[in-house]
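In what follows, a single structure is set out as structure tokens and then discussed.
The values are calculated or read from the model by the stated rules, or taken from the named source; none is laboratory data. Model, not experiment: these values are computed from the prediction. Every residue, glycine as well, gets a Cβ built from its backbone with ideal geometry; the counts of neighbours run over all protein chains shown. Ligands, DNA and RNA are excluded from the accessible area calculation, which covers all protein heavy atoms including side chains. Shrake-Rupley method; radii C 1.70, N 1.55, O 1.52, S 1.80 Å.
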Amino acid sequence: MKYVVAVRALCEFTAKHGDLDLRFTPSPSAQEGMAGHALVASRRGESYQSEVSLEGDYQALTVRGRADGYDPEQNQLEEVKTYRGDLHAMADNRRHLHWAQLKIYGWLLCADRNLPDINLTLVYFDVASAQETPLTEHFTAAALKDYFEAQCERFLAWATQELAHRQARDAALTALEFPHPAFRPGQRELAEAVYKTAQAGTCLMAQAPTGIGKTIGTVFPLLKAVPKKQLDKLFFLAAKTPGRRLALDALDRIKGSTQALPLRVLELVARDKACEHPGKACHGDACPLAKGFYDRLPQARSAAVKHAAAQGPLDKAALRELALAHHVCPYYLSQELVTWSDVVVGDYNYYFDTSALLHGQAQGNQWRVSVLVDEAHNLVERARKMYSATLSQAQLQQVHAGAPRAVRGALERLNRSLQELHQAQDEPYQVHPELPAPFLKTLGQALTQVTDFLLANPTRMDGELQDFYFEALHFSRMAEAFGEHSLFDVTLQADTGSSTFGQALGQPLAVLNIRNVVPAPFLAPRFAAAQSAALFSATLSPQNYYADTLGLPVGTVWTEVESPFLAEQLRVSVVSDVSTRFQHRGDSLSPIVDLMARQYEGQPGNYLAFLSSYDYLQQLVALFRQRYPQIPVWEQTRGMEETARDAFLARFTPGSQGIGFAVLGGSFAEGIDLPGDRLIGAFIATLGLPQINPVNEQIRERMGANFGAAQSYDYTYLYPGLQKVVQAAGRVIRTTSDRGVVYLIDDRFTRPEIQSLLPGWWKVTRLRARRKEPAAAL
Ligand code: SF4
């Protein structure tokens, strides 16, 4: 059996040395990179061959990759590297790496075409100026062969143990048994659906209730599919930290269930959570863990893969311990380990964001990967954020106040351009069909100047300027990708008085927003790049809403796993004589607090109440405390810190009693697990509908333009709202022995189109709060 390695991966393994050096290096975006490569190719003659696939063997190794271009007339092979800023500032070890790749391609081409010698040209392409800097050297085939073999030789021992690992891993996965004596109800159905779609290489949407063991029910079958489908890696992508923890625990349990499963599991953690020297820059002159990083990496890497295969997952704690033992940065060590891991557990953004690490590496190395998306209903909102961008004039002015002289002129021109942009705007909020070209041109020029300044001053810690720069860069990139999937709007805000541009106080300041409404065009290529993908959640319906907005491919399989819970476990009452519409909120307070108190007094225990806003919450809490001071209540507050959130949840203990008031869609409305009598009921006094305002109305229009007018209201308001309601209600019943009550408080819950969006296993009855009907018994 051969070990296949990409040219890039081979060189990164053998030719990287010295310090980690991430001094300010704004690498081009993927789009800029592709455009740069295309532009260079278009400048070449007719005989030029682009994207030349090459492959060659050395003992147990197969080395493959795609060289950027070959011109047979000049016998010249080119490797194009796009960059920004000053080429001379590029670290030596990066340039060394580029030459290493080109020399490997050079030998593969010589061998393929029987060439005695060849010209190798490294083309550095500046994405800002579109200028090329070619560096050419002539090599004999014999010299390149020696170089190729020397690199392969250095990789061979590692490749041999990687091959052995892969064989042992696949053999163990083939023999792997489910880690529990039996599947839970519904769990087998889910597992079968994941396995079948992985085998078929398609996408799966699985709506599966809480409590059936979704994590192990998806991870296990996908692991079983690995050997047959010859998958290189699995990516488990979660919206939040608890989701990652569940996956790591499930994988640990699977590993622990059998004697020999050498599965390497890696957790990716955000830089600010993994960094050992916050406030320092990531290069050898500033951070001791960056100094000599690549020199110490081989030992750290060997120790890491041994640990991962023999012990538990390389989670945050294990990685930290290992990295510090080898004196390397834990954050960048984790990134290096992606290549050598079998399962990577990380946040959505590692696969779906604009320049996502996992997606980029999978593409670059041609890995066969399968993707699991946990709590996938969150992906719509999260992806919208990834592909939205904001540019604030107030922030620009604040940055200008402390900016170095070299960039002040550029920031002033940008400010003038913003002034011109909003001078013609009478309304405080306006949507524009296009982004104005003159503004974008000025923005591009400002970015170039700030880039040049930051590159010339790589060690300068200019936090505000850099933050603004990265936001402006993201804005510029999203502007390039602007289309029907997004809105461009300008909001005028009152001047805060921080201006240093000399404009009259009281003049409004602009906030420019590119708001992604439909992330489908950005996500569809990510799903297409995976061998298979399974998205699962307790609330993933209606199917068409998620499939349309997330860009799932045609042929995506839908499965709905029956709930293991019985209707008798949960008494769901729709309160039909209360309206929580904004104009009726004053009237709603009294019947709602009386209803809650009646339920509590009839059945004392722990309850959660979910409201649409903090204002509404505070009004209800105030009235409740006044009328029922004997009942303990506690409330969620705006911007609650983690310790306060923990304290809120800590009050839900077995045997405790009281009502916690929270906001629907907030941190207590999903992802919390309060089984048994830690939570016996929920009062949901809202349909969760987003507020009707100019922005949401524009989103509705855009939804209509994308998916038809008939869907526009439901896609903007109804489905996102009801999804939150069902998630919140889902906090009550967590196990087959739980019992509880849910009150859906609003007359609109009686409508058939709303009831059709509630879980099928619920038995819903009507109730009138004002008639003081008795409390529901558990
Ligand atoms: S420890 Fe922190 S500062 Fe140092 S290289 Fe790692 S991330 Fe950068």
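What is the local net charge at Asn693, summed over the other residues whose Cβ is closer than 14 Å to its Cβ (Lys, Arg +1; Asp, Glu -1)?
Counting the neighbours of Asn693, the net charge comes to -2.
Seen from all directions on average, region 278-390 presents a Cα convex hull projection of 9.0 nm². Placing a label point 7 Å from the Cα of Arg253 along the Cα-to-Cβ direction, the residues of region 174-198 whose backbone N falls under 13 Å of that point are 178-185, 187-188.
Accessible area per residue for region 60-118, computed on protein heavy atoms with a 1.4 Å probe, is 41 Å².
Taking Cβ atoms as reference points and 14 Å as the exclusive limit, the residues near Ala479 contribute a net charge of -2, counting Lys and Arg as +1 and Asp and Glu as -1.
Do any trypsin sites (Lys or Arg not before Pro) in region 1-108 lie in a DSSP loop with no more than 14 other beta carbon atoms within 10 Å, and if so, which? Filter output for region 1-108: Lys2, Arg43.
Rounded to the nearest 10 square angstrom, Tyr350 shows an accessible area of 30 square angstrom against a 1.4 Å probe. Relative to the longest principal axis of the Cα atoms of the chain, the long axis of helix 30-42 makes an angle of roughly 30 degrees.
Evaluated on region 595-740, the Kirkwood hydrodynamic radius is 16.4 Å, with distances taken between all distinct Cα atoms.
For the chain, give me the percentage of DSSP beta bridges that are antiparallel, rounded to the nearest 5 percent. Numbers along the way, then the final one.
Working: 38 of 105 bridges.
About 35 percent, rounded to the nearest 5.
For region 73-148, which GluC sites (Glu not before Pro) are in a loop by DSSP, counting at most 13 other Cβ atoms within 10 Å?
Loop-located and lightly packed - Glu73.
Relative to the longest principal axis of the Cα atoms of the chain, helix 437-456 runs at roughly 60 degrees. Normalised size of region 612-697, defined as Cα radius of gyration per 2.2 N^0.38 Å with N residues, equals 1.18.
In terms of its Cα atoms, region 337-403 spans 49, 28, 16 Å along the principal axes, sorted from long to short. All Cα-Cα distances of region 1-100, cut into 5 Å bins from zero to the largest, leave 2, 11, 16, 19, 20, 16, 10, 4, 0 percent in each bin in turn. Solvent-accessible area of the chain (1.4 angstrom probe, protein heavy atoms only): carbon and sulfur portion equals 50 percent. Here region 222-330 is treated with +1 on each Lys and Arg Cβ and -1 on each Asp and Glu Cβ, and its dipole about the Cα centre works out to around 400 debye.
Our analysis of region 556-627 gives Rg over Rh at 1.10, with the two radii drawn from alpha carbon positions and Rh computed by the Kirkwood formula. When the alpha carbon coordinates of region 514-636 are projected onto the principal axes, the ranges are 58, 42, 26 Å, largest first.
Using only alpha-carbon positions, what ratio does the radius of gyration of region 573-665 give when scaled by 2.2 N^0.38 Å?
That ratio works out to 1.08.
For region 97-150, what percent of Cα pairs sit more than 12 Å apart? So the pairs more than 12 Å apart make up 64 percent of the total in region 97-150. The alpha-carbon atoms of region 55-172 define a convex hull whose volume equals 135 cubic angstrom per residue.
Tally Lys/Arg at +1 and Asp/Glu at -1 over every other residue whose Cβ is under 13 Å from the Cβ of Gly256; what's the total? All intermediate terms of the calculation are to be shown ahead of the outcome.
On the way: positive: Arg253, Lys255; negative: Glu177, Asp249, Asp252.
Net local charge, Gly256 excluded: -1.
Distance distribution P(r), region 370-500, all Cα-Cα pairs, bin width 10 angstrom from 0: 11, 38, 32, 15, 5, 0 percent.
Summary of packing: across the peptides 744-756, 419-431, 524-536, the per-residue average of other C-beta atoms within 10 Å ranks them, highest first, as 524-536, 744-756, 419-431.
For the chain, adding -39500 (n - 2.57) for each run of n ≥ 4 DSSP H residues and dividing by the number of residues yields -14000 deg cm²/dmol at 222 nm.
Each listed q (0.17 Å⁻¹) maps to a log10 I(q)/I(0) for region 701-778 from the Debye sum over equal C-alpha point scatterers, namely -0.80.
Relative contact order, percent, of the chain when contacts are C-alpha pairs under 8 Å separated by at least 6 residues? Reported as a whole number, the value is 13 percent.
Its alpha carbons give region 160-199 an Rg and a Dmax of 13.8, 43 Å. A cut-off of 5 Å between modelled amide H atoms, ignoring neighbours fewer than 5 places along the same chain, links Ala60 with no other residue.
Here is the size of region 211-318 from its Cα atoms: Rg then Dmax, 16.5, 51 Å.
Using alpha carbons only, the radius of gyration of the chain set against its Kirkwood radius gives Rg/Rh = 0.99. With the highest mean first, a sort of the peptides 324-336, 645-657 on other beta-carbon atoms found within 10 angstrom per residue produces 324-336, 645-657. Normalised by the number of residues in region 41-198, the average gap of Cα pairs under 8 Å and 6 or more apart makes the relative contact order 18 percent. In a Debye calculation with equal point scatterers on the alpha-carbon sites of region 157-238 and no solvent, what is log10 I(q)/I(0) at q = 0.15, 0.16, 0.21 Å⁻¹? Reported log10 I(q)/I(0), two decimals: -0.58, -0.65, -1.00.
A Förster distance of 22 Å, applied to the separation of the beta-carbon atoms of Ala406 and Leu87, puts the FRET efficiency at 0.65.
Rounded to the nearest 10 degrees, the angle from helix 187-200 to the longest Cα principal axis of the chain is 30 degrees. In region 636-656, whose amide N lies under 20 Å from the spot 7 Å out along Cα-to-Cβ of Asp673? List them in ranges. Zone members listed by number: 645-656.
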